[in-house]
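Colleague: Before we start, here is the structure in question, set down as structure tokens.
Please treat every number below as a calculation from the coordinates, not as lab data. This one's a predicted model, so the numbers in the text were calculated from it and none came from an experiment. Glycine gets a Cβ as well: all are built from the backbone with ideal geometry, and neighbour counts include every protein chain shown.
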Amino acid sequence: MKMKLLYSATSPFVRKVSIVLIETGLSDRVEHVPTNPWDPQSDLPAQNPIGKVPTLISAQGVEIFDSSVICEFLDNLHAGPKMFPIDAEGRITANQFQSLADGMMDAAVLGFIENSRRPKDRRWGEWSDRQLAAITRSLNWLEERYPTLNQTSDIGTISVACALGYLDFRFADLEWRRHHERLAEWFEQFAQRESIRATAPV
Ligand SMILES: N[C@@H](CCC(=O)N[C@@H](CS)C(=O)NCC(=O)O)C(=O)O
């Protein structure tokens, strides 16, 4: 039986899982099930009490969330190069980049929701500014660590690519490349990978 990935097309967290599926050659083992987490009729909460995508149903019917746990689960299912490095130091570095990128995506998604889904008269400017400040600090953090960010695909580099891709998709006005030139150079090269190109949000 195939695994099932409950997904929505524009989620940067889903993109992370989709990239890992491509990089590990597991795509054919997964059926993609479109899911709108905002639909009150959705049965997503029955699979994942947090009610978020991505949620993976394993071939044995076990529900797995969130994106980091799904990616680690998938990494145990293939014999190719590991997305979660085996050596302790490499693993910590990759997980640290993943954590940072997940935090950026959380902030960006919250900021986007505040300015799109919330009724105009109830929007909270300070809240949006707070999310933007977290994103800016994270971009600065990444720019400083540019030498550690290589072109090898692992859970760290993939997550950072998803975060930057989401900024391009939802926060183009931010023009993050203007003050983060080395990070922009890194992303330009990394984004040439087939897995990144094939999963770009539209
Ligand atoms: N920590 C979660 C975050 C997932 C997440 O925020 N998903 C969003 C879509 S981008 C969602 O489903 N939101 C629905 C909601 O907040 O109710 C992960 O890594 O999977």
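Colleague: How big is the antiparallel share of DSSP beta bridges in the chain, given as a percent to the nearest 5?
Modeller: Values: 5 of 10 bridges.
Given both bridge residues lie in the chain, the antiparallel proportion sits at roughly 50 percent.
Colleague: Can you spot the lysines whose alpha carbon is less than 30 Å from Lys2's alpha carbon? Ignore those fewer than 8 places along the same chain.
Modeller: Filter leaves Lys16, Lys52, Lys82.
Colleague: Hey, if you put +1 on the Cβ of every Lys and Arg and -1 on every Asp and Glu Cβ in the chain, which of His179, Ile155, Trp124 ends up farthest toward the positive end of that dipole?
Modeller: Trp124
Colleague: Could you let me know the centre-to-centre spacing of region 16-49 and region 102-154, using Cα atoms, in angstrom?
Modeller: What the calculation gives is 23 Å, centre to centre.
Colleague: Assign unit charges at the C-beta atoms only (+1 for Lys and Arg, -1 for Asp and Glu), then state the dipole size of the chain relative to its Cα centre in Debye, rounded to the nearest 20. Walk me through the numbers on the way to the answer.
Modeller: Working: 22 positive and 27 negative charges, 75 e Å.
Approximately 360 debye in magnitude.
Colleague: If you don't mind, there's one more thing I want to ask. Cβ neighbours within 10 Å, averaged per peptide: list 69-81, 109-121 in order, most packed at the top. If you can, show how the numbers build up before the last one.
Modeller: On the way: 69-81: 15.6, 109-121: 12.5.
The densest-packed peptide leads the list: 69-81, 109-121.
Colleague: For Asn140 and Ala200, calculate 0.36 nm times their separation in residues minus their Cα-Cα distance, and state this gained length in nm to one decimal. List each step's numbers first, then the result.
Modeller: On the way: separation 60, 0.36 × 60 = 21.60 nm, distance 2.36 nm.
Going from the current span to full extension adds 19.2 nm.
Colleague: Rounding to the nearest 20 debye, state how big the charge dipole of region 30-83 is about its Cα centre with +1 on each Lys and Arg Cβ and -1 on each Asp and Glu Cβ. Numbers along the way, then the final one.
Modeller: Values: 2 positive and 7 negative charges, 24 e Å.
Charge dipole of region 30-83: 120 debye, to the nearest 20.
Colleague: Over the alpha carbons of the chain, what is the largest minus smallest coordinate on each principal axis, giving the biggest first in Å?
Modeller: Cα extents, longest axis first: 46, 44, 28 Å.
Colleague: If you put +1 on each Lys and Arg Cβ and -1 on each Asp and Glu Cβ, how big is the dipole of region 88-194 around its Cα centre, in Debye rounded to 20? Each step should come with its number before you reach the end.
Modeller: On the way: 14 positive and 17 negative charges, 80 e Å.
With Lys and Arg at +1 and Asp and Glu at -1, about 380 debye.
Colleague: With springs only between Cα atoms under 10 Å apart, run a GNM on the chain and tell me which of Gln131, Gln98, Gln192 wobbles the most.
Modeller: Its mean-square fluctuation being the largest, the pick is Gln192.
Colleague: For region 139-202, state what percent of all Cα-Cα pairs lands in each successive 10 Å bin, counting from 0 Å until the bin that includes the largest distance.
Modeller: Reading the bins upward from 0: 21, 60, 19, 0.
Colleague: Ok, one more. Residues with amide H under 5 Å of Val33's amide H, sequence separation 5 or more or different chain, H placed in the peptide plane at 1.01 Å from N; which?
Modeller: The list, which skips near neighbours in sequence, is Leu5, Leu6, Tyr7.
Colleague: Sticking with this structure for a sec: Positive end of the charge dipole of region 3-75 (Lys, Arg +1 and Asp, Glu -1 on Cβ, about the Cα centre): tell me which of Gln47, Val33, Phe13 has its Cα farthest that way.
Modeller: Phe13
Colleague: Here's another thing I want to ask about it. Gain in length, Lys2 to Leu77, computed as 0.36 nm per residue apart minus the alpha-carbon separation, to one decimal in nm? Present the calculation step by step, with values, prior to reporting the outcome.
Modeller: Values: separation 75, 0.36 × 75 = 27.00 nm, distance 1.29 nm.
Full-extension gain reported as 25.7 nm.
Colleague: Using a Gaussian network for the chain with springs between C-alpha atoms less than 10 Å apart, which of these wobbles most: Ala134, Ala107, Ala59?
Modeller: Ala59
Colleague: Specify which residue in the list Asn115, Gln192, Leu77 is farthest towards the positive end of the charge dipole of the chain, using unit charges on the beta carbon of Lys, Arg (+1) and Asp, Glu (-1), about the Cα centre.
Modeller: It is Asn115, whose Cα lies furthest towards the positive end.
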